[in-house]
Amino acid sequence: MRGSYKGKRSLIGGVVILMLIITATACMKPEDKMFEESDFAATVETVDARTWKANEDIEITTGVINLTNRSAAVYHASPLIHVQIYDERDQPQIEMLVTDSIGINGIAKPNETYNPDKEIYESGKRIIQIEQPGTYTLVATATFDVKLNGDRKQSFRIVSEPFEIQITES
């Protein structure tokens with residue numbers, strides 16, 4: 001009988017602890033809950049789906065998609081997203097990525113693309129040029145913080161899926 005009493009007591013204790021955790025989690029404000037990297041996606045794509053000529057202007061758009069059902073207060077620099085271009089040998093084609101300013105904040109709304117660079121770049125588009133013919137891959141990296149409760153912040157570095165483009169002779 002003693003063994004079964006101890007088992008029941010520890011089971012009841014476990015249930016009580018579980019209920020306290022569930023209650024505490026349910027009572028948290030949305031900004032108190034932690035986000036995960038999988039809650040966000042970075043995107044990069046060209047405005048037109050086609051093949052470009054060397055040294056031709058290529059319009060690209062970037063953004064961060066909030067994949068959750070809650071808003072996120074986002075803090076970042078400009079640009080929010082750096083785009084790296086890789087050649088067929090997987091070599092980066094940009095030597096340095098520059099950040100213009102820091103201290104920018106905004107709200108990433110649920111299931112929407114957040115792109116504060118729309119104010120800097122017309123409709124959020126940027127222009128790139130590639131000098132040599134070949135197949136290139138664009139990869140976007142978004143670096144930002146999400147504000148939690150009080151002074152707490154959570155940092156993220158989200159990398160997009162590769163986006164391939166073709167460049168021909170001009």
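Values computed for the structure shown
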{"read-out": "In the range 127-170, residue nearest to ILE102 (Cα to Cα) [restricted to those that are surrounded by fewer than 16 Cβ atoms within 10 Å (Cβ to Cβ) and small (Gly, Ala, Ser)]", "value": "SER155"}
{"read-out": "The range 86-131 - residue that is of a type in the set (Lys, Arg) and either modelled with pLDDT under 90 or assigned to a helix (DSSP H, G or I) (or both) and, of those, nearest to VAL47 (Cα to Cα)", "value": "LYS125"}
{"read-out": "Some residue of the range 78-86 being assigned by TED's automatic domain parsing to the domain that holds ILE128 and surrounded by fewer than 15 Cβ atoms within 10 Å (Cβ to Cβ)", "value": "no"}
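The values are calculated or read from the model by the stated rules, or taken from the named source; none is laboratory data. Remember, it's a predicted structure, so these values are computed and weren't measured experimentally. Neighbour counts run over all protein chains shown; Cβ positions are idealised from the backbone, glycine included.
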